[in-house]
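Just so it is clear, none of the values below were taken in a lab; they were calculated from the coordinates. Computed from a predicted structure; not experimentally measured. Glycine gets a Cβ as well: all are built from the backbone with ideal geometry, and neighbour counts include every protein chain shown.
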Amino acid sequence: MADKAAHPGAAGRAPEADRPDRVRNVALVGHSGAGKTTLAEAMLAATKTIQRPGRVEEGTTVGDHDEVEVRQRRSVNLSLLPFMHDGVKVNLIDTPGYPDFVGDLRAGLRAADAALFVVSAVDGVDGLTRMLWEECAAVGMPRAVVITKIDQVRGDFDAALLACQEAFGDNVLPCYLPVIDAGESDQRCQGLIGLLSGRWIDYSGGGRDDCEPGPELADSIEERRSALIEGVIQESEDETLMDRYLAGEEIEVGALIDDLEKAVARGGFHPVLTTAVPHGDHPGPVLGVIELLEVVIRGFPSPLEHPVPSVIEVSGNRPAEVGCDPAGPLVAEVVKTMSDPYVGRVSLVRVFSGTLRPDTTVHVSGHGLADRGHEDHDVDERVGALTSPLGKVQRTVNECRAGDICAVAKLTRAETGDTISDRERPLLMRSWEMPDPLLPVAIRATSKADEDKLSQALGRLVAEDPTLRLENNAETRQLVLWCMGEAHADVFLDRLRSRYGVSVETVEPRVPLRETFGGPAEGLGRHVKQSGGHGQYGICHITVEPLPSGTGFEFVDKIVGGVVPRQFIPSVEKGVKTQMARGVLAGYPMVDIRVTLDDGKAHSVDSSDMAFQTAGALALKDAAARASTRLLEPVDEVAVLVPDDYVGPVMSDLSARRGRVLGSEPVAGGRTLVRAEVPQLEIVRYSIDLRSMSQGTGTFSRSFLRYEPLPAHLAGKVAGDATGKTAMSA
């Protein structure tokens, strides 16, 4: 690793650098503000990929090139940043740290073979980072930790390291110790002590000098060096190494480093490194970046060492054996869909097997193609140009081999999560879990011109982001965008305005209520009109009774003696159903009633289908005026997953929302699943409230359960609001 003689000028392309064993796919993971994008800029500059690092505060970074990211000064998209170091191509995947954009974060982990967790020495470990670490551990993904901002006044390396060990486990140990000179306004990091080599890497003079440590440094590292050596030996495949070490034998540093690299690649050991990225131009090497690059190159696995996700044959759903072989069958996956103003749709693709080439026809298989309006789950598409993106710069490549990542133009029907394979052998990869968007935001165009452009713009934006869901709710007559949170919605609306020139406004999302009768009632519908010539005549008498919840609608014909001709009885039923759909109290659909037609009158000339439809509707309204009617609200079954520390507050909060807590059950990883029945009116913004309550660690799911009567005080308010709106529209 970095204890081997590495130097700042180690960048450059080696022959056959695109072989799978010469590629590293690494995701940068960490909470917002931890310094991921700044660290990525330093790595690009250290490898001479860019001349000088940009700054997030100035909107000049390579990764955050989207216009929304420049304005908001934070990452909201996954960004691919490839560079060369020591003859190895590194596909660095910078992921957003804000919880609202966890969809892009998980897409980045899917495309990666290892994860680099970035932790701020100022802020420590947050709940989302802890959850992501557990997710990576569950699939055996190799991980390392980088502690940043140790040069800031409140930066505390030791406290951050302790927080990492408490959150991530015992196998999280530092490979280097920073030596910090604390000042009044800032802290200056003088250099690093290599714990395995015992060498002092001096950065204080503006360069990177490998020296013997003085006695004042040597004495301070022995305890942590012993802990690191023991941690490495415990993960070693050499079973005799521990006995030799305990017997007092001095283990060769080279052997320890080799064992460390193998343990990291297997995911059994997680080295901790540290960086201090200065602000502004920095003439010399940035502290810790070269050491970090060596861990990435020598410790993280190549695509050959990382298992390919399970693959099945589309034709028979049989498992298919696929490995990371450029000569094997083509298996690639769309990990992100983007829109380019000049090129159109661009797909970021990870090639797991085979070789992807431009101007070839491929097969696209998707778990959700049918849901997106395609007749089949499979389509054929022609591949456009292949590029290797570096921020907004697209560099043309001739092919993309197994283990590598590229951008593909003009895959018009392939979307995030879809599998690309050979036409002759269609394959489908196991999809990865994407979070459900649970925050509804109702929108409407501000003008007729915006309304005309809105549909196409929405289609393009939703295609880019699988964590966005669009719903045109026929009941509430609202266009509802389901988002991950407020920041997610803000970015979407910003793009809608800036990219497509569509102006929209947000309105309060409506919950689809229902109406029903509180007791039996009778109603008379009389529609008699004479206007000279052919008139309208229809009279009917009905009895209405409430039915148990979920029963629906029943219509009973008890006409005797033909007082209502047989051909007009269905007309009465149709009129009743039409009025039920409109509602009689607050404009919501009516449900769970039995309507009995028991009397009426007809005219031999003036009676008609339309006359009895109108009479049936009037009869239902008359019955509603004579009896009590009730509003019903939808109730959802809610499952909340939170760490054990937050179970009490979550249960209390659910009860305060008129919810009925059904129980709880323990889940692996120190978490608890709480189940409850909660009215939809009370959980419109629950995704925001739960995140605040659980410090970003809580998740929940919801599914419709049934309708229940709305409490009288709330029903009166809803009915009053509906009456006011009706009067205003009149």
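Here are some notes:
- Label positions at Ser692 and Leu673, each projected 7 Å from the Cα along the C-beta direction, are separated by 2.8 nm.
- Point-charge dipole on Cβ atoms (K/R +1, D/E -1) for region 439-507, about Cα centre, debye to 20: 180
- Of the GluC sites (Glu not before Pro) found in region 417-480, those that fall in a DSSP loop while having at most 13 other beta-carbon atoms within 10 Å are Glu424, Glu433, Glu475.
- The Rg/Rh ratio for the chain is 1.10, where Rg is the radius of gyration of the alpha carbons and Rh is the Kirkwood radius.
- Taking only alpha carbon atoms, region 479-563 gives an Rg to Rh ratio of 1.30, where Rh is the Kirkwood radius.
- 5 angstrom amide H check on Arg469, placed H, neighbours 5+ away: Trp482
- Relative pair counts by distance (%), Cα atoms of region 439-507, 5 Å bins: 3, 17, 31, 31, 15, 3, 0
- The gain in end-to-end length when the Arg423 to Glu216 segment is fully stretched comes to 67.9 nm, 0.36 nm per residue minus the alpha carbon separation.
- For region 301-365, a Kirkwood hydrodynamic radius built from all Cα pairs, placed in the Stokes-Einstein relation at 4 °C and 1.567 mPa s, yields a translational diffusion coefficient of 96 µm²/s.
- Largest-first principal axis extents of the Cα set of region 185-338 (Å): 69, 50, 27
- Acute angle (nearest 10 degrees) that the helix 215-234 long axis makes with the longest principal axis of the chain, alpha-carbon atoms: 60
- A dipole drawn for region 439-507 from +1 and -1 charges on Cβ atoms has a positive end, and of Val504, Thr467, Val480 the residue lying farthest that way is Val504.
- In nm, spacing of pseudo-spin labels at Arg318 and Asp380 (7 Å Cα→C-beta vector): 2.3
- Seen against the Cα atoms of the chain and their longest principal axis, helix 569-582 is set at about 40 degrees.
- The Cα-based radius of gyration and maximum Cα-Cα distance (Dmax) for region 632-713 are 12.5, 43 Å.
- Isolated cysteines in the chain, defined as those with no second cysteine Cβ under 4.7 Å, comprise Cys136, Cys164, Cys175, Cys189, Cys211, Cys324, Cys483, Cys540.
- Neighbour-limited loop hits for trypsin sites (Lys or Arg not before Pro), region 524-613 (at most 15 other Cβ within 10 Å; DSSP other than H, G, I, E, B): Lys558
- Computed magnitude of the charge dipole of region 291-440 (debye, nearest 20; Cβ of K, R +1, Cβ of D, E -1): 420
- The charge dipole of the chain, taken about the Cα centre with unit charges on the Cβ atoms of Lys, Arg (+1) and Asp, Glu (-1), comes to about 3820 debye, rounded to the nearest 20.
- Each peptide among 436-446, 36-46 gets the average number of other Cβ atoms lying within 10 Å of its residues, and from highest to lowest they stand as 36-46, 436-446.
- Within region 207-270, GluC sites (Glu not before Pro) in DSSP loop having at most 12 other beta-carbon neighbours inside 10 Å: Glu237, Glu239, Glu249, Glu250, Glu252
- Between the C-alpha center of region 665-696 and that of region 584-642 there is a gap of 37 Å.
- Using alpha-carbon coordinates, inclination of helix 289-298 to the longest axis of the chain, degrees: 80
- Taking the Kirkwood radius as Rh and the Cα radius of gyration as Rg, region 321-429 has a ratio of Rg/Rh equal to 0.94.
- When the Cα convex hull of region 416-564 is projected onto planes of every orientation, the mean area is 19.3 nm².
- Zone residues, region 495-514, relative to Ala449, backbone N less than 13 Å from point 7 Å out along Cα-to-Cβ: 501-503
- For region 373-495: rounded, prolate or oblate by the Cα gyration tensor [a/c cutoff 1.5]: prolate
- Across the chain, Cα pairs under 8 Å and at least six residues apart give a relative contact order of 10 percent.
- Whole-Å semi-axes of region 254-353's equivalent ellipsoid (Cα gyration tensor): 35, 25, 10
- Taking other Cβ atoms within 10 Å as a rough exposure proxy, Ser310, Ser236 sort from fewest to most as Ser310, Ser236.
- Per-residue Karplus couplings for region 318-323, computed as 6.51 cos²θ - 1.76 cosθ + 1.60 with θ equal to phi - 60°, are listed in order as 8, x, 10, 7, 9, x Hz, Gly and Pro entered as x.
- FRET E, pair Leu547, Glu471, Förster distance 30 Å, beta-carbon r, rounded to 0.05: 0.55
- Estimated FRET transfer efficiency (Thr506, Arg582; beta-carbon r; R0 30 Å; 0.05): 0.65
- For region 398-454, the fraction of alpha-carbon pairs in successive 5 Å shells from zero, as %: 4, 10, 13, 16, 14, 11, 11, 10, 8, 3
- Rounded Å value of the spacing that divides the Cα centres of region 192-210 and region 47-87: 28
- Backbone N within region 502-533 under 13 Å of label point (7 Å from Lys601 Cα along the Cβ vector): 525-529
- Calculated [θ] (222 nm, deg cm²/dmol) that DSSP helices of n ≥ 4 give over the chain, each run adding -39,500 (n - 2.57): -8500 deg cm²/dmol
- Close amide H partners of Arg345, meaning residues 5 or more places away or on another chain with modelled amide H under 5 Å apart, are Asp340, Lys410.
- Cβ-Cβ distance of Asp645 and Arg685, R₀ of 22 Å, FRET efficiency by 1/(1 + (r/R0)^6): the value works out to about 0.45.
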